Amino acid sequence: MRSPQCTRSPLIARYCASLRGPTKKGDVALVHDTVRANVYRSLPIVHFTERSQMRLARPILLLAVLFASIAAASSIPDYPFVFVRGYAEQKLPPDIATCTLTLHAIDSDPATAQRLVDQRFAGLLQVLSKNHIAQQDIDASTINKSVVTNENSRNEPLKVRGYDVSRGVTFKVLHLADWPVIAHYLLAAKNVDDLTVKYGRSDRDARESDLIAKAAEDAKKRATRLATSFGRRLGAATAISQSSFESLGGAFGLSTDLMRAPEFVDINQPRADALLVPSAIKITGSVNAIFKLE
């Protein structure tokens, strides 16, 4: 039967086993006494050794976690590379427009406010219909109603000052020849707020596809010039994006405001100028790419 002291830890058990040897039946008590004495004398050393192992294990564990985190994070490619942005633009006269406005009325009587908005909407629909604006090109589904109260800045009881009714309207003008009559009506109309117009092209998708192809060629030319300037040869593209590399560049240390891809430009002017059709609008395309250097 093993001595209880020999089961305190695996390390002590191994030490106890090393003390045991071939014994006779009558020598068991003597051996147990010897083991017990030696174990107790060794306990301070054993405990000190275990604490030391734990202290050594902690920094080793922290280093292992650190290296694992570094390995899991995105790192700079392990090959020479060049990062470029290609760009292309084209200026063309617009041939379509999208108009957004709000019909708005406030009155002490909610029914009167609603009636005003409905009348203005009916008049607008009549003008749009006469100028070839199809019903499917009109969206007026957003209606907001709210109660106007005093500001209550002096801790006075709340009082209802009126009722606010508004309706958002968006419509597309597919033939700009119809726009002058509509614009004239909107300038003279009452209860019209937040009027904005965005001019565009009906063939914008095709134009953008062409510009993206040109931007890709521009990126490749820029990368080739850079590689040649440093005596290197341009390899294959390893990363391509039409949007910016802000997240990828952050991991690579490449992200800056200068590298942010420009958005496609739309004209969105204040009401005084928004109804004037511009002579041209600018459509842009950009491509960000990483090329391997050979």
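The residues on offer are Ala189, Ala239, Ala251, Ala274, and the sole one that is of a type in the set (A, V, I, L, M), over 25 Å from Glu89 (Cα atoms) and modelled with pLDDT under 90 is Ala251. Among residues of the stretch 145-162 being touching a residue at least 24 places away in the same chain (Cβ under 8 Å) and within 39 Å of the chain's Cα centre (by Cα), the one that is nearest to Thr98 (Cα to Cα) is Lys145.
Only residues that are under 20 Å from Leu116 (Cβ atoms) and in a strand (DSSP E or B) were counted in the stretch 172-205, giving 4.
Comparison of Asp118, Asp178, Asp137, Asp109 shows that the only residue that is exposed (fewer than 15 other Cβ atoms within 10 Å of the Cβ) and under 15 Å from Val197 (Cβ atoms) is Asp137.
Checking the structure you have, find out if any residue of the stretch 141-164 is of a type in the set (Ser, Thr, Tyr) and modelled with pLDDT of 95 or more. There is no residue in the stretch 141-164 that is of a type in the set (Ser, Thr, Tyr) and modelled with pLDDT of 95 or more.
The values are calculated or read from the model by the stated rules, or taken from the named source; none is laboratory data. Keep in mind that what you see is a predicted model, and the values were worked out from it rather than measured. Cβ atoms come from the backbone with ideal geometry, glycine included; neighbour counts cover every protein chain shown.
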